[in-house]
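Reading through the structure tokens given below for one structure.
The values are calculated or read from the model by the stated rules, or taken from the named source; none is laboratory data. This structure is a prediction, so every number in the text was calculated from the model and none was measured. Using ideal geometry, Cβ is built from the backbone for each residue, glycine included, and neighbour counts are taken over all protein chains shown.
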Amino acid sequence: MSNVFSYIKKQLKIENVIRENARSLTETGEYLKCNCPFCDKDENLSMTVCEPKQIFYCFKCHIGGDVITFIANLFGMTQLEAAAFLEEKYEINIPGELLRSIKESKDEEALYFEKMFRKNAKRIMGLLNEEGKQRYAEYMEQHIKDMREVYSHYSADVFKKYLGDSDGQ
Ligand SMILES: [Zn+2]
């Protein structure tokens, strides 16, 4: 997922996104400054935007980070939702190849953990009586189901759902 985030960040200029969402973006020497949209009625240009590093920081409320963090804080979104929001709003096309590679690596990771868990479970089963074995088997299946669920949220498929199938496939 971090590859998708960095791809989105590379397609955007943080100063443009902040200009659209904050008041009085002005150049002051090396940095850009603006009224912080997170501080209540900030009139002091508390927020600094560093163009070369593509980050922002507010000296009053101490919120800072990249463009995804800015949007996440502004709209109360998760990082993933903020990334999807930016992708849609600024019409960024994430290459299908990038999404596929993320999905593949996550699927591999999920399979690895499932294998490890089943191996461990076998050892634990050896220590249990019949009733314990049965109950443990039920618990194990539920745990694996939960684990798959967690991984499916990380997968690119879910991310693409957020993005509304933007690469047109
Ligand atoms: Zn602030």
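Taken over the range 58-115, the criterion of being more than 18 Å from the chain's Cα centre (by Cα) and within 16 Å of the ligand (Cβ to nearest atom) is satisfied by C58, F59, K60, C61, H62.
Of the strands (runs of 3 or more DSSP E) contained entirely in the range 1-86, those carrying at least 3 residues that are touching a helix residue (DSSP H, G or I) at 6+ places or on another chain (Cβ under 9 Å) fall at 47-50.
Considering the range 64-110, the residues that are among the aromatic types (F, W, Y) and surrounded by 18 or more Cβ atoms within 10 Å (Cβ to Cβ) include one that is nearest to N3 (Cα to Cα), namely F85.
Six or more apart or on different chains, Cβ under 7 Å: which pairs go from a residue in the range 43-59 that's touching a residue at least 24 places away in the same chain (Cβ under 8 Å) to one that's assigned to a loop (DSSP other than H, G, I, E, B) and among the aromatic types (F, W, Y)? Could you list them? The qualifying pairs do not exist here. Counting the residues of the range 71-129 that are among the aliphatic types (A, V, I, L, M) and more than 30 Å from N21 (Cα to Cα) gives 9. Where residues in the range 1-34 are hydroxyl-bearing (S, T, Y) and under 23 Å from the mean Cα position of the chain (by Cα), which of them is farthest from N93 (Cα to Cα)? Ranking the qualifying residues of the range 1-34, first place goes to S2. From the list I55, I18, which residue is modelled with pLDDT of 95 or more, within 16 Å of the ligand (Cβ to nearest atom) and surrounded by 19 or more Cβ atoms within 10 Å (Cβ to Cβ)? Of the residues listed, the single one that is modelled with pLDDT of 95 or more, within 16 Å of the ligand (Cβ to nearest atom) and surrounded by 19 or more Cβ atoms within 10 Å (Cβ to Cβ) is I18.
Criterion applied to K103, K60, K9 was being in contact with an Asp or Glu (Cβ under 7 Å, 6 or more places away or on another chain) and in the same structural domain as R148 (by TED's automatic domain parsing), and the one residue passing it is K103.
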